[in-house]
Amino acid sequence: MKGQFDSTKRIYYVLTCILFLILGARLAYLQLYHQDRYIRESERNRVRSVIVDAPRGQILDRNGRILVDNSPSYSISVVPYEFLKSEGAVALLSTLVREKATDLVSRIRKERIGNFSPVRIKRQVDFRTLSAIEEHILDLPGVFHNVESKRTYPGGVNASHIFGYLGEIASRELKSTGRDKYRPGDNIGKSGVELLYEDYLRGAAGVKYVEVDVLGREVRDLTELNNQPPAPGNDVSLTIDARVQAYLENSMDGKRGAVVVLDPRSGDILAFLSKPDYPPDLFSSPLTPKIWNDLVNSSEHPLYNRASQSLFPPGSTYKLVLAAAGLETGGINLDETVFCPGYYKLGRRPFKCWKKEGHGTVNLLAALKGSCNVFFYKKGLDVGLDNWAKFSRLFHFGQKTGIDLSNESVGVVPDRTYFDRTYGERGWTKGLLLNLSVGQGDLLTTPLQMAYFAMILANEGVAHKPRLLKSVTDPETGAVQEFSSEKVVIEGVSAETYQTIKEGMFSVVNEPGGTGRGARLQGRDACGKTGTAQNPHGESHAWFIGFAPRNKPEIALCVMVENGGGGGAVAAPIAGGVFSTYFENGDLMAVTD
Amino acid sequence: MFLENRIFRHFDFAFLASVLLLIACGLLAIYSATYVGDAPAFQLKFTKQLLWATIGLAVLAVCVTLPLKFFQKYAYVIYSVALALLVVVLVVGTGAGTRRWIALGAVRIQPAEIAKVATLIALARYLGDEHRNLGTLKDILVPLALVSAPLLLVMKQPDLGSALVFLALILPVLHWAGLSGAVLFVILAPLVSLVSASNYYAFLTAMFIISAGLFLLGRGLRFFVFNFVLNIGVGILTPMLWGTLKAYQQNRILTFLGLVTDPHGLGYQVIQSKVAIGSGGVVGKGFLHGTQTHLRFLPEQHTDFIFCVIAEEFGFLGVLLVLSLFLYMLLRGLNIASKVKARFSSVLVFGGTVIFLFQIFVNVGMTIGIMPVTGLPLPFLSYGGSALIANLMIVGLILNAWRKRFDYF
């Protein structure tokens, strides 16, 4: 037995040695004989996978006008392995990009992912720096530039609070999104539509394999490898009408305030602005700390969205709520009159009407037209706080409208519980109710809520959730996904009540003595209500809410000019301009339809 | 110290040392191949392999200390469990387009590797029987069946590389157990004819060698003519049958055999692998400085192409060290197989050595472009827990056999 194993063993001994000789010989052939050839090849043949960013989707207005687009910008990257080896290159590049060499090196060390993946050291390089780098590229091993894209705004509108802006992804965001979708240094929507519809707009990055030479320059695309083209982001069409938006940005220029214009038939936001705003392309270039600090610390708060975040007392526009509550609960009758001497006395305390000489004898319609405070002081007491609060909530005050923008405020609708909590159970008097009756006091609303209210009145009890997103288009397939809004039906207010209120709003704009005649538009029967909200911080806020035409309204709006003065003098003419801009446009559309 | 004495008496320290050195080389190469930065969080694969090596050494210790009789007694039980796992993996297995792994929480085990060891033990049990002389057809058919079952199951996953290990194991082990050279020749000859039939000159050369061999065997004219005609027949029929196949069928067979694969992927891999190895030169580019390695164009560089990393970063000298360690191990294995008294141990040690030899040659051959790309890991060096543990089990059994080389059982 043992002898047999020994002889068989010898065969396998020899076989093993032969196989290893083959391996050894082949390795010697590759590593010793052909060493130079393969070293050359490995120098030349440096395959790199390059992430190809997907073009971000465009943002368009409702008529297909491009509002937000992309344009190329250049960034500089280095391959640490090749770049850091060369002290001359580090010194040269640090001069060219004007950063201290030690800072540059430590930044690269910190941000690198392995020695061979490029690190982006500078974004949005200006053309002079870029050409200087290209000029010296032979002395800058491992340095190369990439073409990236930045946002541009060709639509002629700022709409900064709608669009929002992009920024480099923060490590906190990276943690929640995961590294599959985003890499450090990627851009991500930080606010507005860019943030909200990030998933539509972003697309998916692709990968391509390129051969690079020893200087890190791309020699050729390796198309035979498994390249993955990027999937471009979807285009987002907004409900915004760029013409109305542009008109408003122009007419509100230099003012502080907010305007919300919507289509009461669908909840489409036609225009949405908050002033002061900022040029949206401010965020397309690298933001210097100075610009950022100026934005944040400005007393004008340009980053703040006054249309849906800021809260204001709505002033006399809110008399419409009391009117509806009165008509529904019997607190107000149409033929009932009140005498206005210019003030109302509750106990010994006088409450002034805005018209010092008084409105004389007024009924509801006359009180609406002339915006008589005394009538509504008196009726406020008749209707009572509970009914007033109930109808306020019925018209969705103190609640979010549900617009597709972040950080919407809910506002404040005071009621018995609120006053008890704020002032103590016996610490408040009916005087507070008098303030609420004319839209003053503790009542706070957003301009968006007021526009929403205008839509309810226009539709006589029907609202649609306000929305900015109209449709999403896949640029590759052309597939369009349309979005529609949720319908909200307001129960508990009769058609007669709406008719009466509309009658009053019509007279405000169209009849002599109306406070809102500045919003009048020939042939369109605009309806509205002005407001001049006093506030302790200075000049009154000017308000106007309204819709047009009176029958089958197509447009509803709220204009608010912060510390602007009288609603009739300041806000109503802006609304009138919106109506005329819109209907001019509407006529055009009717023709093309 | 009593226990220590018993275990370490007659212990082959040099064999174990060569294995440990190889594992160390592997860890170094894995560290480099998966290196992305200095933070420990980036060295997940390295840390994992270190853990696997530790577990593997514990398993090795068990295999060294358990009586070999235990393995002999439960050989078929172990074998059946391994087969069952191969069936299970076909049902619940995971992997990219394949079913190779069974996921147990965070750990994934590869049943093919367990089956490798189990089949080896079962073969040793059957062929290690002192009365087996391989004179009957049954004595050959049973080992064939023992190998075929796992072979087919592994192919079904599909995992061609691992399946080939079973195929490569059977003939040498039969030969070792006493199958005569003549029978071996008669079995091998038609295979050579079949493969060489694709090329005219290769076929002529093969026929010449086969004729010479048949003549030298001297079994008479009828034996000679029968086998000669058989081989010529295989050689002529193969291209004819091949021609009747549709192109996609041919492609499918070639792909299955690993001769043609995704031309973009694997051909490119081998070119880059050769560049990596060749550019390593005499002393290599230095640890962590392999440009080919760190550009990550080889998707499997820490598993199947780990040899490239060593060749690129440590050059011909590094390669010589690794190959010398392997060669020492293998020759030592053959030596142990011929020296141990028990037949079971002898077949076991020999079979284990053949498994190593086959995997080493095919894997290294693949990286230098003389073997097809089949996806077989390099023993002790490639990243992968199941393979490392299975290989260390075999090492443990070999060390055990050497320790008890004077025992019959």
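The values are calculated or read from the model by the stated rules, or taken from the named source; none is laboratory data. Just so it is clear, the structure is predicted and the values come from calculations on it, not from any experiment. Glycine also receives a Cβ, built like all others from the backbone with ideal geometry; neighbour counts cover every protein chain displayed. Protein only, heavy atoms only, side chains kept; ligands, DNA and RNA dropped before computing areas. Shrake-Rupley method; radii C 1.70, N 1.55, O 1.52, S 1.80 Å.
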Over region B:25-75, the set of residues at pLDDT 90 or above, of a type outside the set (V, I, T) and open to solvent by 70 Å² or more (accessible area, probe 1.4 Å) is B:L28, B:K48, B:L50, B:L51, B:P67, B:K69, B:F70, B:K73, B:Y74
Looking for something open to solvent by less than 30 Å² (accessible area, probe 1.4 Å), free of Cβ contacts under 8 Å to residues at least 60 places away in the same chain and either basic (K, R) or touching a helix residue (DSSP H, G or I) at 6+ places or on another chain (Cβ under 8 Å) (or both) - is there at least one such residue anywhere in region A:266-275?
yes
Just checking, how many residues over region B:365-398 are among the hydrophobic types (A, V, I, L, M, F, W, C) and either open to solvent by 10 Å² or more (accessible area, probe 1.4 Å) or modelled with pLDDT under 95 (or both)?
9
In the list B:F316, B:F350, B:F361, which residue meets the criterion of being more than 23 Å from B:L27 (Cβ to Cβ) and either at pLDDT 95 or above or at the interface with chain A (Cβ under 7 Å from one of its Cβ atoms) (or both)?
B:F350
Exactly one of B:L378, B:L327 is facing chain A (nearest Cβ under 8 Å) and not small (G, A, S), and that one is B:L327
Subset of region B:129-165 that is in contact with a Lys or Arg (Cβ under 7 Å, 6 or more places away or on another chain) and surrounded by fewer than 21 Cβ atoms within 10 Å (Cβ to Cβ) - its residue that is modelled with the lowest pLDDT
B:E130
Meets criteria (in a loop (DSSP other than H, G, I, E, B) and either open to solvent by 10 Å² or more (accessible area, probe 1.4 Å) or of a type in the set (A, V, I, L, M) (or both)) for B:L179
yes
Restricting to region B:364-373, name every residue that is within 12 Å of chain A (Cβ to nearest Cβ) and part of a loop (DSSP other than H, G, I, E, B).
B:I368, B:G369, B:I370, B:M371
Looking at A:K181, is it touching a residue at least 40 places away in the same chain (Cβ under 8 Å), in contact with a Lys or Arg (Cβ under 9 Å, 6 or more places away or on another chain) and basic (K, R)?
no
Return the total of residues in region B:374-400 being farther than 22 Å from B:S32 by Cβ and not in a helix (DSSP H, G or I).
1
Go through the residues of region B:271-282 one by one and say whether even a single one is at pLDDT 90 or above, open to solvent by 50 Å² or more (accessible area, probe 1.4 Å), within 14 Å of chain A (Cβ to nearest Cβ) and not in a helix (DSSP H, G or I).
yes
Here is a list: B:Y383, B:Y408. Which entry is farther than 21 Å from B:V319 by Cβ and among the hydroxyl-bearing types (S, T, Y)?
B:Y408
Among (1) more than 25 Å from B:A115 (Cα to Cα); (2) touching a residue at least 40 places away in the same chain (Cβ under 8 Å), there is one condition B:L381 misses while meeting the rest; what is its number?
(1)
Residue count, region A:542-557, condition part of a strand (DSSP E or B) and open to solvent by 10 Å² or more (accessible area, probe 1.4 Å), comes to 0
In region B:207-226, the residues that are surrounded by 11 or more Cβ atoms within 10 Å (Cβ to Cβ) and assigned to a helix (DSSP H, G or I):
B:M207, B:I209, B:I210, B:S211, B:G213, B:L214, B:F215, B:L217, B:F223, B:F224, B:V225, B:F226
When you go through B:L325, B:L320, B:L334 one by one, which is the residue that is among the aliphatic types (A, V, I, L, M), crowded, with 24+ Cβ neighbours inside 10 Å and at negative phi?
B:L334
For region A:419-434, indicate whether the set of residues that are closer than 18 Å to A:H464 by Cα, open to solvent by 20 Å² or more (accessible area, probe 1.4 Å) and either aromatic (F, W, Y) or not in a helix (DSSP H, G or I) (or both) is non-empty.
no
Checking the conditions here, which among B:G315, B:G333 is in a helix (DSSP H, G or I), farther than 27 Å from B:G178 by Cβ and in the same structural domain as B:Y35 (by TED's automatic domain parsing)?
B:G315
Looking at region A:69-125, what helices (runs of 4 or more DSSP H) fall wholly within it and have at least 3 residues that are among the small types (G, A, S) and open to solvent by less than 60 Å² (accessible area, probe 1.4 Å)?
A:87-96
Which of the residues that make up region A:327-342 are modelled with pLDDT of 90 or more and under 11 Å from A:K378 (Cα atoms)?
A:I332, A:T337, A:V338, A:F339, A:C340
B:A337 vs. criteria small (G, A, S) and either more than 10 Å from every other protein chain (Cβ to nearest Cβ) or within 21 Å of A:G24 (Cα to Cα) (or both):
no
With (1) under 21 Å from the mean Cα position of the chain (by Cα); (2) part of a loop (DSSP other than H, G, I, E, B); (3) not aliphatic (A, V, I, L, M) as the list, and B:Y126 as the residue in question, which single condition is left unmet?
(2)
